[in-house]
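Have a look at the structure below before the remarks.
The values are calculated or read from the model by the stated rules, or taken from the named source; none is laboratory data. What you see is a predicted model, and the numbers here were worked out from it, not measured in a lab. Cβ atoms come from the backbone with ideal geometry, glycine included; neighbour counts cover every protein chain shown.
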Amino acid sequence: MSAALLQDLRGRLDDLRPVQRRIAEVILADPLAAGTMTIDQLAGAAGCAQSSVVNLARELGLTGYRELRAALVAETARAVGDQGHLAFPLEIDPGDPLSVSVERIAAADARAVRDTVRLLDLEQLARIAARLAAARRILLIGVGASGLAALDLQYKLARLGLSAHALTSAHDALPAVVGLGEQDLLVAISDSGRTIDVLDALELAAAAGAGTLAVTG
């Protein structure tokens, strides 16, 4: 089935049997909502039997309702994604076919990236990039889940050829911060922005004359 499911459905309206036309009209009236319906819900909305929904799917060249729903979700995800936002629920139902779940996960990730880009201050981002590039040493500190972010950033900076080291416990981090100098940079990561050990590290780094950068949720 091509990506133009809705266009194909509109083009077939006049040729469909009355019961199939009712199903098609329900889908076309609100494709986003239709993509979240179970076969029972779609049949109920169209006032028909589930078998009629399956027959419509086969009329469109699909194997059944699961493939119809997956194609519908995929097309609406692409269409809404082009507009820069999502209007259909991203929750994954245990009964969803894998293809639907994958499309929703991909759509959620795409939205997160777009939202992040819209919030970026490019001038500030350029200053941060320059500071990272100029640093003699980059010390990354994160505790708990933020420690995973610190380790991930260490890997990415290392691939750029920068000297970065991540520490994920206060026991290791605070002594290391004391040894920082004016040419070094401390990157403190805390989702809440209130982690005491991370705040202490920032204060120590600033007192030592090192550059500081905070990353919060």
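Mind checking which pairs have a first residue in region 94-118 that is over 17 Å from Ala33 (Cα atoms) and a second that is at pLDDT below 75 and part of a helix (DSSP H, G or I), Cβ under 7 Å, 6 or more apart or different chains?
What qualifies is Ala110/Gly81.
How about region 141-152: which of its residues are farther than 15 Å from Gly193 by Cα and in contact (Cβ under 8 Å) with a residue 40 or more places away in the chain?
Applying the first criterion (farther than 15 Å from Gly193 by Cα) to region 141-152 yields 148, 151-152.
Answer for region 141-152, where residues must be farther than 15 Å from Gly193 by Cα and in contact (Cβ under 8 Å) with a residue 40 or more places away in the chain: there is none.
If you take just the helices (runs of 4 or more DSSP H) that sit entirely in region 120-217, which of them hold at least 3 residues that are aromatic (Phe, Trp, Tyr)? First the steps, then the outcome.
Working: elements: 122-134, 145-159, 170-178, 196-207.
Those helices (runs of 4 or more DSSP H) do not exist here; none qualify.
Residues to consider are Leu132, Leu153, Leu140, Leu160; find the one that is in the same structural domain as Leu204 (by TED's automatic domain parsing), more than 13 Å from Val215 (Cβ to Cβ) and hydrophobic (A, V, I, L, M, F, W, C).
Leu160
Considering only region 28-61, state which residues are modelled with pLDDT under 90, in a loop (DSSP other than H, G, I, E, B), of a type in the set (A, V, I, L, M) and surrounded by fewer than 19 Cβ atoms within 10 Å (Cβ to Cβ).
Leu60
Would you mind finding the one in Thr168, Thr216 that is out of contact with any helix residue (DSSP H, G or I) (no Cβ under 7 Å at 6 or more places or on another chain), farther than 20 Å from Ala134 by Cβ and surrounded by 13 or more Cβ atoms within 10 Å (Cβ to Cβ)?
Details: Thr168 fails: out of contact with any helix residue (DSSP H, G or I) (no Cβ under 7 Å at 6 or more places or on another chain).
Result: Thr216 is the single residue among Thr168, Thr216 that is out of contact with any helix residue (DSSP H, G or I) (no Cβ under 7 Å at 6 or more places or on another chain), farther than 20 Å from Ala134 by Cβ and surrounded by 13 or more Cβ atoms within 10 Å (Cβ to Cβ).
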